[in-house]
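These notes concern the structure reproduced below.
The values are calculated or read from the model by the stated rules, or taken from the named source; none is laboratory data. Small disclaimer: the values here were computed from a predicted structure and weren't measured. Note that we place each Cβ from the backbone using ideal geometry, even for glycine, and neighbour counts take in every protein chain shown.
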Amino acid sequence: MNIIEMTDEQASSSFEQFFDRISTFCETNPVIAKEIFEGKEEFFAMTGKVRDDEDEFNTRMNAFLLWFIFDRKPHESLYSPISKYQIHLEKTGWFNELEVLNNQLVHVHSLFKIVKIKNGITFVKDLISGIKYEIEDENTLMGMSKDIYFETRLFTFNDKRCFSNYFIQHPPIVNKGIRKQLKPVKREKKLIKPFLLKLHTFNNKYHKYRSIDIKSIYHFDQSIPEAK
């Protein structure tokens, strides 16, 4: 009987299970835990602070953790959290989970809109690539307006797409401005992640300062003073 057969835990079959395992590994690894603390300072310095009593706290913490795990470049260590987790899975002989992890390295992180929800399936459109995705989930986005542009990540488990655990929802009034800003990003094939972080920052301000002109928060027009 090999190591995989001896384990009483199977490979992750859902995003929730995968996220719980990799985040627990990161939080309990002393070196990575220190990097998480540093990463929080870095991420929230870019996107704005959030208090644990705010409605958006869980959403923004989940966004941070996925940024930390998949996007942040290590400053002092030679290995990213992903690389350390890969090494851990190899050493423990958990090759099924390693395969699951490797399959998530190239996932879809973008800006989306709902096309329709029908027969238990949510159809969304990637506003960067124009690709439409089918998600076998009719509940997660139920009630969200089709006019809302939202940031999230799409992962794949058992050959099926699924949503991650956060949605940064932008007010429809800024859709025109977002589309205008997206044109040079797509035309010049720029990386989308810096733009998503910028929108994340604007969205945080939007939730904090509802009385301020939205054009000063989603600051696309340089002739208008930016809300600090």
Scanning the range 50-65 for residues that are in contact (Cβ under 8 Å) with a residue 12 or more places away in the chain and surrounded by fewer than 13 Cβ atoms within 10 Å (Cβ to Cβ) gives 55
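Here are some residues: 226, 151, 138. Which one is part of a strand (DSSP E or B) and among the charged types (D, E, K, R)?
Details: 226 fails: part of a strand (DSSP E or B); 138 fails: part of a strand (DSSP E or B).
Result: 151 is the single residue among 226, 151, 138 that is part of a strand (DSSP E or B) and among the charged types (D, E, K, R).
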Quick check: anything in the range 85-103 surrounded by fewer than 15 Cβ atoms within 10 Å (Cβ to Cβ), out of contact with any helix residue (DSSP H, G or I) (no Cβ under 6 Å at 6 or more places or on another chain), closer than 30 Å to residue 208 by Cα and in the same structural domain as residue 44 (by TED's automatic domain parsing)? no
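Would you point out which residue out of 44, 37 is outside the structural domain of residue 139 (by TED's automatic domain parsing), within 30 Å of residue 171 (Cβ to Cβ) and assigned to a helix (DSSP H, G or I)? Write out each step before concluding.
Values: 37 fails: within 30 Å of residue 171 (Cβ to Cβ).
Exactly one residue qualifies, and that residue is 44.
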Could you give me the residue pairs with C-beta distances under 7 Å whose first residue belongs to the range 126-150 and is closer than 15 Å to residue 165 by Cβ and outside the structural domain of residue 203 (by TED's automatic domain parsing), whose second residue is surrounded by 11 or more Cβ atoms within 10 Å (Cβ to Cβ) and among the charged types (D, E, K, R) wherever it lies, and which are 6+ apart or on separate chains? 135/161
If you take the residues of the range 203-215 that are more than 24 Å from the chain's Cα centre (by Cα) and farther than 19 Å from residue 149 by Cβ, which of them is surrounded by the fewest Cβ atoms within 10 Å (Cβ to Cβ)? 211
Quick check, is residue 45 loosely packed, with under 13 Cβ neighbours inside 10 Å, touching a Cys at 6+ places or on another chain (Cβ under 9 Å) and free of Cβ contacts under 8 Å to residues at least 40 places away in the same chain? no
What number of residues in the range 154-193 are within 19 Å of residue 102 (Cα to Cα) and in a strand (DSSP E or B)? 8
For the range 106-130, give me the residue count where each residue is more than 21 Å from residue 180 (Cβ to Cβ), part of a loop (DSSP other than H, G, I, E, B) and of a type in the set (Val, Ile, Thr). 1
Collect the residues in the range 169-199 that are within 18 Å of the chain's Cα centre (by Cα), surrounded by fewer than 17 Cβ atoms within 10 Å (Cβ to Cβ) and under 12 Å from residue 128 (Cα atoms), keeping them in residue-number order. 191, 193
List every residue pair whose Cβ atoms lie under 6 Å apart, where the two residues are 6 or more positions apart in sequence or sit on different chains, the first residue falls within the range 158-175 and is in contact (Cβ under 8 Å) with a residue 60 or more places away in the chain, and the second residue, located anywhere, is among the basic types (Lys, Arg). 164/153
Any idea which of 32, 36, 69 is surrounded by 15 or more Cβ atoms within 10 Å (Cβ to Cβ), closer than 20 Å to residue 161 by Cβ and either touching a His at 6+ places or on another chain (Cβ under 9 Å) or in contact (Cβ under 8 Å) with a residue 24 or more places away in the chain (or both)? 69
For the range 46-62, which residues satisfy the criterion of being closer than 13 Å to residue 205 by Cα and of a type in the set (A, V, I, L, M)? 46, 50
Determine if the range 80-90 includes at least one residue that is modelled with pLDDT under 95 and either closer than 29 Å to residue 207 by Cβ or not in a helix (DSSP H, G or I) (or both). yes
